[in-house]
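*Asks:* Structure below; questions to follow.
The values are calculated or read from the model by the stated rules, or taken from the named source; none is laboratory data. None of the values given here were measured: they were computed from a predicted structure. FYI the Cβ positions are ideal-geometry reconstructions off the backbone, even for glycines, and counts take in every protein chain you see. The accessibility values were calculated without ligands, DNA or RNA, using every heavy atom of the protein model including side chains. Shrake-Rupley method; radii C 1.70, N 1.55, O 1.52, S 1.80 Å.
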Amino acid sequence: MIMSLVVIVISLGLAYLWATRGFFSSLLHMACVIVAGAIAFAAWESAALFVLGVAPRQGFFQFIEGVAWGVGLAVPFAIALTLLRAVVDATLRANANTSGMYNYIGGGFCGLVSGVVTAGILVLAFGFTRTPPSLLGYDRINYADEGARGNLARSKSLILPADDLVAGLYSRLSQGALSVPEPLAAWYPNLADVPAAMRLTADDGSGRNAIRADDFRVSGSYVVSGPVTDLVEDGWTDAAQTVAYIDGERAKDGSSLHGYVVDFEASARETTGQVIMGAGQVRLLVTNPQTGESKDVYPIAAVAQSDAKDVEYVRFRYDAKDVFLASLGGATQTKMAFEFLVPPNKEPRALYLRNVRVDALPEEKAYNSVRARDREVRTGAIVGISAGGLPDDLIDDNAEVVANDQDSASSRGPTSIPEFQARTRLRKVLQKGTFSGLTLGSKNEITGGEAKIPLEAVGRGGLERTLQVREFAVTPDTIVVQLDVGADTRTSLLGRVVASAERLGAPALIDSNGQRYDALGYVYEDREILHVRYTPGNPIRALRETPQLARTRRDQRLELVFRPTRGVEIARFVVGNRVVTEFNPPILLNQNQSNK
């Protein structure tokens with residue numbers, strides 16, 4: 001395999017290089033490498049979270065998010081090693097000579113240690129990047145076959161297991177010679193497994209492998225007690241589920257089932273507009289309180305929405321290869337619950353989502369059987385959903401009430417409200433090749449991005465069909481809605497309600513079930529430019545992200561673009577928690593839309 005060859009070349013290459021430099025020089029370099037590695041692992045989490053925080057959410061440099069965990073390890077290692085070498089070289093200017101044979105043997109040995117540590121850190125850092133599960137032929141983690149199908153399992157190791165050696169070395173050092181109050185061994189007992197598990201994303205590794213701390217929150221937890229044969233059952237599947245841990249150990253009696261409810265914000269979505277989570281993306285750190293022994297366990301099932309329109313939830317098992325749960329519809333917030341089978345004598349300590357650690361876990365709600373849990377799954381109560389009502393924090397003083405004469409049986413759209421149009425098409429045609437910043441699908445539909453286009457280059461007639469860009473991408477379970485919020489409209493952002501709201505509030509539509517749909521972009525036009533933004537993976541988080549309208553300018557037009565769930569009824573247009581417009585009765589979204 002290529003990765004094994006790379007590790008061997010690095011290790012033996014550095015062994016040979018330092019053998020020629022002599023034992024004393026090699027010994028000093030080895031010490032610098034080991035200390036630099038310790039510094040790198042100490043700074044790793046903080047550095048990676050910093051990189052995630054500054055990574056752009058859209059544009060060319062968006063790729064930084066996908067390499068943050070790797071950069072957070074590799075860069076501190078490189079910086080620390082460079083500085084340590086500079087200090088050592090400046091302090092010790094003379095070499096210490098030993099006899100020839102011992103010089104070569106000692107130099108080669110120290111060089112080999114330096115090479116293995118360097119190669120191991122590089123393998124781990126490269127493994128944390130957004131790459132396919134097979135890292136240059138290295139498939140460390142895969143899905144178990146028959147007998148424990150769907151469970152994550154260790155598959156291969158490197159010929160020279162530099163990643164295991166490095167993880168083991170610094171785990172022991174963190175509790176020994178370089179001990180710290182929060183040792184690496186306690187938080188990452190299976191460090192070498194983590195990057196490989198995180199790369200098991202949708203579409204063969206092309207899905208997001210990182211998430212930011214403000215993209216989600218753990219809002220609840222629960223525990224189910226009973227025999228292990230009962231804990232792996234549910235009311236949706238009759239077949240028994242076999243659970244095995246990543247090291248191959250089978251689940252035993254005395255285990256307990258722990259579930260954690262996670263609220264994903266819209267910013268956690270893929271570019272397709274969905275939140276997609278596989279078993280390798282979430283793990284639970286469990287610890288024996290008596291011995292301090294820690295272990296990572298991965299989810300055996302997850303609770304997710306099965307019907308976006310009626311807010312129904314189902315328990316899905318991670319019991320087959322490449323099982324990925326995706327959010328439905330276009331709601332801003334996605335709720336999922338991940339369930340773990342915790343071994344006997346161990347307790348949950350921290351939950352990791354794409355390696356972002358949450359160690360302040362909510363108090364658990366206890367269920368005495370899986371049947372009791374199943375009842376609350378079906379109603380959505382287990383994830384904190386109570387369908388059928390509007391949010392109680394809305395402020396609707398001075399809201400505009402707009403009568404809706406839409407025929408509920410019609411598929412032609414809410415023509416009685418000109419400000420509210422369910423359509424994918426832009427008002428003007430763009431010419432492919434005359435702008436940059438927007439990504440296009442196979443049918444020239446806009447799938448994402450942002451562009452400012454001179455108005456003189458827009459709307460020219462006589463374009464070939466293959467050059468026309470004239471609509472936003474839509475998915476089968478959503479509807480594209482364009483809402484005119486310009487002056488003199490009943491949904492205007494220049495009204496009294498919006499004037500009293502801060503521009504920190506996000507514009508959104510709310511359906512009759514209380515689900516919120518943030519704006520995914522806008523189309524702004526004035527006498528000079530056409531500004532198009534459409535970012536399903538990065539909704540508008542505040543009104544200040546939209547172009548500013550002025551009452552004195554009559555040339556401005558601004559339409560917000562939403563993508564609510566197909567089949568829902570839109571009841572409100574809000575900015576933050578202030579209702580701008582109420583639609584009475586709510587507008588049914590059942591229009592026929594597709595990108596043709």
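*Asks:* Any residue in the stretch 540-553 that is among the polar types (S, T, N, Q) sitting within a Cβ distance under 8 Å of a residue that is open to solvent by less than 100 Å² (accessible area, probe 1.4 Å)? List the pairs, counting only those 6 or more apart or interchain.
*Replies:* Thr546/Leu493; Thr546/Pro507; Thr546/Ala519; Thr546/Tyr522; Thr546/Tyr524; Thr546/Ile540; Thr546/Leu558; Thr546/Leu560
*Asks:* Is it the case, given these coordinates, that Asp214 is over 22 Å from Val323 (Cα atoms), open to solvent by 20 Å² or more (accessible area, probe 1.4 Å), charged (D, E, K, R) and touching a helix residue (DSSP H, G or I) at 6+ places or on another chain (Cβ under 6 Å)? Steps first, answer last, please.
*Replies:* Details: over 22 Å from Val323 (Cα atoms): yes; open to solvent by 20 Å² or more (accessible area, probe 1.4 Å): yes; charged (D, E, K, R): yes; touching a helix residue (DSSP H, G or I) at 6+ places or on another chain (Cβ under 6 Å): no.
In short, no.
*Asks:* Out of everything in the stretch 351-366 that is under 23 Å from Val67 (Cα atoms) and of a type outside the set (S, T, N, Q), what residue ends up being most open to solvent (accessible area, probe 1.4 Å)? Quick ask: steps written out before the conclusion?
*Replies:* Taking the stretch 351-366 as the starting set, the residues that turn out to be under 23 Å from Val67 (Cα atoms) are 351-358.
Then keep just the ones that are of a type outside the set (S, T, N, Q); that gives 351-354, 356-358.
Details: Leu351: 1, Tyr352: 1, Leu353: 0, Arg354: 5, Val356: 10, Arg357: 69, Val358: 30 Å².
Taking the candidates together, the pick is Arg357.
*Asks:* Moving to a separate point now. May I ask you to list the residues in the stretch 25-77 that are among the charged types (D, E, K, R), under 30 Å from Ser436 (Cβ atoms) and open to solvent by 30 Å² or more (accessible area, probe 1.4 Å)? Outline the logic, then answer.
*Replies:* We begin by selecting, within the stretch 25-77, every residue among the charged types (D, E, K, R); these are 45, 57, 65.
Then keep just the ones that are under 30 Å from Ser436 (Cβ atoms); that gives 57, 65.
The one that is among the charged types (D, E, K, R), under 30 Å from Ser436 (Cβ atoms) and open to solvent by 30 Å² or more (accessible area, probe 1.4 Å): Arg57.
*Asks:* While we're looking at this one, here's another question. Exactly one condition in (1) of a type in the set (A, V, I, L, M); (2) open to solvent by 50 Å² or more (accessible area, probe 1.4 Å); (3) out of contact with any Cys (no Cβ under 6 Å at 6 or more places or on another chain) is not met by Ala80; state its number.
*Replies:* (2)
*Asks:* Separate question: Quick check on the stretch 228-245. Is at least one of its residues on the phi > 0 side of the Ramachandran plot and part of a loop (DSSP other than H, G, I, E, B)?
*Replies:* Taking every residue of the stretch 228-245 in turn, none turns out to be on the phi > 0 side of the Ramachandran plot and part of a loop (DSSP other than H, G, I, E, B).
*Asks:* Of these, Val166, Val180, Val223, which one is more than 30 Å from Pro56 (Cβ to Cβ) and in contact with a Lys or Arg (Cβ under 8 Å, 6 or more places away or on another chain)? Before the answer, list the steps.
*Replies:* Working: Val166 fails: in contact with a Lys or Arg (Cβ under 8 Å, 6 or more places away or on another chain); Val180 fails: in contact with a Lys or Arg (Cβ under 8 Å, 6 or more places away or on another chain).
That would be Val223, the only listed residue that is more than 30 Å from Pro56 (Cβ to Cβ) and in contact with a Lys or Arg (Cβ under 8 Å, 6 or more places away or on another chain).
*Asks:* Going through the stretch 296-320 one residue at a time, which ones are more than 28 Å from Pro227 (Cβ to Cβ) and either basic (Lys, Arg) or touching a Phe, Trp or Tyr at 6+ places or on another chain (Cβ under 8 Å) (or both)? I'd like the intermediate steps shown before the answer.
*Replies:* Initial filter on the stretch 296-320 (more than 28 Å from Pro227 (Cβ to Cβ)): 305, 307-312.
Across the stretch 296-320, the qualifying residues are Gln305, Lys309.
*Asks:* Further, regarding this structure: Taking only the stretch 285-299 into account, find how many residues are farther than 21 Å from Arg149 by Cβ and either of a type in the set (Asp, Glu) or touching a Lys or Arg at 6+ places or on another chain (Cβ under 9 Å) (or both).
*Replies:* Let us first name the residues in the stretch 285-299 that are farther than 21 Å from Arg149 by Cβ, namely 285-295.
Those still in the list that are either of a type in the set (Asp, Glu) or touching a Lys or Arg at 6+ places or on another chain (Cβ under 9 Å) (or both) too: 285-289, 293-295.
Of the residues in the stretch 285-299, 8 are farther than 21 Å from Arg149 by Cβ and either of a type in the set (Asp, Glu) or touching a Lys or Arg at 6+ places or on another chain (Cβ under 9 Å) (or both).
*Asks:* So, in the stretch 509-544, exactly how many residues are open to solvent by less than 10 Å² (accessible area, probe 1.4 Å), within 18 Å of Arg578 (Cβ to Cβ) and assigned to a strand (DSSP E or B)?
*Replies:* 4
*Asks:* Being open to solvent by 50 Å² or more (accessible area, probe 1.4 Å) and either without any contact (Cβ under 8 Å) to a residue 24 or more places away in the chain or more than 30 Å from Arg533 (Cβ to Cβ) (or both): is that true of Leu14 here? Step through it out loud before you land on a result.
*Replies:* On the way: open to solvent by 50 Å² or more (accessible area, probe 1.4 Å): no; either without any contact (Cβ under 8 Å) to a residue 24 or more places away in the chain or more than 30 Å from Arg533 (Cβ to Cβ) (or both): yes.
Judged against the criteria, Leu14 is not a match.
*Asks:* Answer yes or no as to whether Glu347 is among the acidic types (Asp, Glu), at pLDDT below 95 and either open to solvent by 20 Å² or more (accessible area, probe 1.4 Å) or within 30 Å of Thr466 (Cβ to Cβ) (or both).
*Replies:* Details: among the acidic types (Asp, Glu): yes; at pLDDT below 95: no; either open to solvent by 20 Å² or more (accessible area, probe 1.4 Å) or within 30 Å of Thr466 (Cβ to Cβ) (or both): yes.
Taking the combined requirement at face value, the residue does not satisfy it.
*Asks:* Of all residues in the stretch 297-313, count the ones that are over 20 Å from the mean Cα position of the chain (by Cα) and open to solvent by less than 30 Å² (accessible area, probe 1.4 Å). Even if it seems obvious, please write down each step before you answer.
*Replies:* Within the stretch 297-313, the first condition is being over 20 Å from the mean Cα position of the chain (by Cα), and the residues that meet it are 306-313.
This time we only want the ones that are open to solvent by less than 30 Å² (accessible area, probe 1.4 Å), so: 308, 311, 313.
Looking only at that region, the number is 3.
*Asks:* Which of the numbered conditions does Gly22 fail, given that it passes all the others? Conditions: (1) under 37 Å from the mean Cα position of the chain (by Cα); (2) open to solvent by less than 30 Å² (accessible area, probe 1.4 Å); (3) not hydrophobic (A, V, I, L, M, F, W, C).
*Replies:* (1)
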